Amino acid sequence: MDAIVKNFPATGQTDSRPTREQAEEAVRVLLRWAGEDPQREGLLDTPKRVAAAYRELFSGYDLSAEEVLGRTFEEVSGYEDAVLVRDIPFYSHCEHHMLPISGRAHVAYLPNGRVLGLSKIARVVDIFGRRLQTQENLTAQIAAAIEETLKPRGVAVMVEAEHMCMAMRGVQKQGSTTLTTTFTGEYKGNAAEQARFLSLVRNR
Ligand SMILES: [Zn+2]
């Protein structure tokens, strides 16, 4: 859990971050490692593009879920049932191979008098998605961020995703989906609430 909590604030290592030139040189090294000639005309601007793409794909390190979720929430009185945002699309990269993960997140919580702006849940998924991840940690981090800022009665998160490191290499299992769930608070150990969450996610 320590590792999860540590990832709440922006974790961008700005002090030890290399220069753009160093990043571009590293891309040239990887191009040579792949068997390419970085001086080939079609590849001349590639290191620059890859370095820029990395800033965007991994922009989650510079963002804090706490800042996005904020400290003020909309007060609701009388609404106590689950709030569910399902089918939030996301892209991430696995921390083992730095290859893409693509999938959808489903997030529900049981309000405790306060609710989140709906777009904020999707932004939290993005922040943690735009870091190197394992699917298990991604799922737990989304739940923990909502749990600790909103303090609802419970949070349920399901992530379903395809890992390119499984589809493109190794066992080459295209189309297989990995499913992870996390439950906190009143969802935890409550089979009926969990089943209701799963059926709300599944019923279209
Ligand atoms: Zn991987």
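Read the figures in this text as sums done on the coordinates, not as results from a lab. Because the structure is a prediction, the values reported are computed rather than measured. Using ideal geometry, Cβ is built from the backbone for each residue, glycine included, and neighbour counts are taken over all protein chains shown.
Its Cα gyration tensor gives region 68-127 an equivalent ellipsoid. The semi-axes, each the square root of 5 times an eigenvalue, are 29, 12, 8 Å from largest down.
Projected label points at Arg202 and Ala122, each 7 Å from Cα along the beta carbon direction, are separated by 2.6 nanometres.
When the trypsin sites (Lys or Arg not before Pro) in region 113-177 are filtered for DSSP coil states and for at most 13 other beta-carbon atoms within 10 Å of their beta-carbon, the remaining sites are Arg169, Lys173.
Per-residue ellipticity at 222 nm computed for the chain from its helices equals -11500 deg cm²/dmol, with DSSP H segments shorter than 4 residues left out and the rest contributing -39,500 (n - 2.57). Rounded to the nearest whole angstrom, the semi-axes of the ellipsoid equivalent to the chain, taken from the Cα gyration tensor as √(5λ), stand at 36, 20, 13, largest first.
About its Cα centre, the chain has a charge dipole of approximately 340 debye under the convention of +1 per Lys or Arg Cβ and -1 per Asp or Glu Cβ, with nothing else charged. Considering only Ser92, Gly117, Tyr79, the residue lying farthest towards the positive end of the dipole of region 71-202 is Ser92, judged by Cα position with unit charges set on Cβ. For trypsin sites (Lys or Arg not before Pro), the sites in region 23-57 that DSSP calls loop and that have at most 11 other Cβ atoms within 10 Å are Arg40. Exposed loop sites are taken as GluC sites (Glu not before Pro) in a DSSP loop (any state but H, G, I, E or B) with at most 14 other beta carbon atoms within 10 Å; the longest stretch of the chain without one runs 96-204. Sites listed here are chymotrypsin sites (Phe, Trp or Tyr not before Pro) in region 101-204 whose DSSP assignment is loop and whose Cβ has at most 16 other Cβ atoms within 10 Å, and the list is empty.
Got a sec? Which residues in region 27-66 would a label at Arg169 touch, if it sits 7 Å along Cα→Cβ and we count backbone N under 12 Å? In region 27-66, the label zone of Arg169 (backbone N under 12 Å from the point 7 Å along Cα→Cβ) covers 34. Taking label positions 7 Å along the Cα-Cβ direction at both Arg104 and Asp45, the computed distance is 3.6 nm, reported to one decimal. Within the listed set Leu84, Leu31, Leu99, the residue fluctuating most in the Gaussian network model of the chain (springs between alpha-carbon atoms under 10 angstrom) is Leu31.
Where the centre of each part is set by its Cα atoms, how far does region 50-64 sit from region 79-102, in angstrom? Value for the Cα centre distance between the two parts: 17 Å.
Across the chain, C-alpha contacts under 8 Å between residues 6 or more apart give a mean separation that, scaled by the residue count, equals a relative contact order of 19 percent. Taking every C-alpha pair closer than 8 Å and separated by at least 6 residues, the mean separation divided by the residue count of region 153-195 gives a relative contact order of 47 percent.
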